[in-house]
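Here is the structure we will look at, set down as structure tokens.
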Amino acid sequence: MQKGMNYFRLSSQALPDSACAINQRSAFYGIKMDVVPFCQSFVKVMQADSAGIYTGERDSLFHPHGHGTWMGNDGSHYEGQWKHGHRDGFGFGIESGKQLCVGEWKNDRYRGERLVYTYDRIYGIDISKYQHIIGKKKYPIRWSKLRITHLGNISRKTVSGSISYPISFIYIKCTEGASLLNPYYRKDYRAAKAHGFRVGSYHFFSPRKPGLAQARKFMKHALVRRGDFPPVLDLEPTPRQIKQMGGPDAMFAQVRAWLRYVERQTGTRPILYISQMFVNRYLKYAPDLKRNYRVWIARYGEYKPDIRLVLWQLCPDGRVSGIRGHVDINVFNGYRDAYQKFLQNEVVK
């Protein structure tokens, strides 16, 4: 028997009762069991320093398989589907000191909540001049025809029913850097409002200009009105650009300057638009932003991002009747009740 292994008594009506050793280091991340005959018929930790208890179905090798529960002595917990010793399928789990994860697991890795897209969800789009200009041709937006007809092909999606979804909100690009203005911004803003859409304005952040100068440019041109969605800072720098700025700390100093100025001017806390890659690599350097700002995240996969978010951009290649070419499709993180609370509490006053 190897040092550092822990003994469990497991019972089964189909298989002989056994004691199974679980390595404490890997217990929560992927349980590998070595089987030794034992003659009791209940589940109990046999060592005070053991990692925890597994209760549930097993395969022929006594690995967790099917539905089961893991309770770790460090406070970790998982209940759900297992496959040959690994968390695999739907389940919910929590590690010590971390948030609850509910959704799909694959080979011991949490993948996220798999959304089922239905008519009942709250959808929106974001647009810029590229919804008007394709190549050398220019196209109008037919506002009365707007309806989501396709969720893109870049990732697999689970859809219930046919796709013909109404659009509840539209974000329009206003400015970029300290000098660029979307030439269609004002016209699109007014047309969207006239057709009854909730509207928000966003600024594309440039790593080459001071954050305060960019914020002033945005506020000079943005039509931020009562009832509008919060202003958005679109933050998409490459790793090379972040390095050229002086690293994450220098970048976030400029980001904070933009956010604070716009919040003072509008009375509304802005939303951060970032990618999943940005979250994984850089958001840890700005815990105050992660804690205090709502997030609109771009993640093109079948699983909802595992982060506090208000909007999720689920594809860049969707289709909308009334708009030529591809359109970014977004979904609000919640159903009708949560959306109504957002409209009551979070929009521009």
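Calculated FRET efficiency, Lys290 and Ser164, Cβ-Cβ r, R0 35 Å, to nearest 0.05? It would help to have the intermediate numbers written out before the result.
Working: r = 36 Å, r/R0 = 1.03.
Approximately 0.45, to the nearest 0.05.
For Arg109 and Ala253, calculate 0.36 nm times their separation in residues minus their Cα-Cα distance, and state this gained length in nm to one decimal.
On the way: separation 144, 0.36 × 144 = 51.84 nm, distance 3.35 nm.
Length difference between fully extended and current span is 48.5 nm.
Could you list the trypsin sites (Lys or Arg not before Pro) in region 146-202 that lie in coil according to DSSP, counting only those with at most 13 other Cβ atoms within 10 Å of their Cβ?
On the way: sites: Arg147, Arg156, Lys157, Lys173, Arg186, Lys187, Arg190, Lys193, Arg198; in loops: Arg156, Lys157.
Those that pass, being in a loop and sparsely packed, are Arg156.
Order of Cys174, Cys315, Cys101 from fewest to most other C-beta atoms within 10 Å? Walk me through the numbers before you get to the answer.
On the way: Cys174 28, Cys315 23, Cys101 18.
Least to most surrounded, the residues fall as Cys101, Cys315, Cys174.
Choose one of Leu181, Tyr139, Tyr261: the residue whose Cα lies farthest towards the positive end of the charge dipole of region 138-276 (beta-carbon charges +1 Lys, Arg; -1 Asp, Glu; about the Cα centre).
Towards the positive end, the residue furthest out is Tyr139.
What does the C-alpha gyration tensor say about the overall shape of region 149-198? Classify as rounded when a/c is under 1.5, otherwise prolate if a/b is larger than b/c, or oblate. Before the final figure, lay out each step's value.
On the way: a/c = 4.11, a/b = 1.71, b/c = 2.40.
Oblate, since a/c reaches 1.5 and b/c is not below a/b.
In straight Cα distance, which lysines are under 20 Å from Lys83, not counting same-chain residues fewer than 8 positions off?
List returned: Lys32, Lys106.
Can you tell me the FRET efficiency between Met277 and Ile94 if r is taken as the Cβ-Cβ distance and R0 is 25 Å, rounded to the nearest 0.05?
Values: r = 25 Å, r/R0 = 1.00.
It comes out at approximately 0.50.
Using 7 Å Cα-to-Cβ label points, what is the Arg336/Ile154 separation (nm, one decimal)?
Going from the Arg336 label point to the Ile154 one covers 3.1 nm.
Read-outs throughout are calculated quantities, based only on the coordinates presented, and are distinct from any laboratory measurement. These numbers come from a predicted model, not from an experiment. Every residue, glycine as well, gets a Cβ built from its backbone with ideal geometry; the counts of neighbours run over all protein chains shown.
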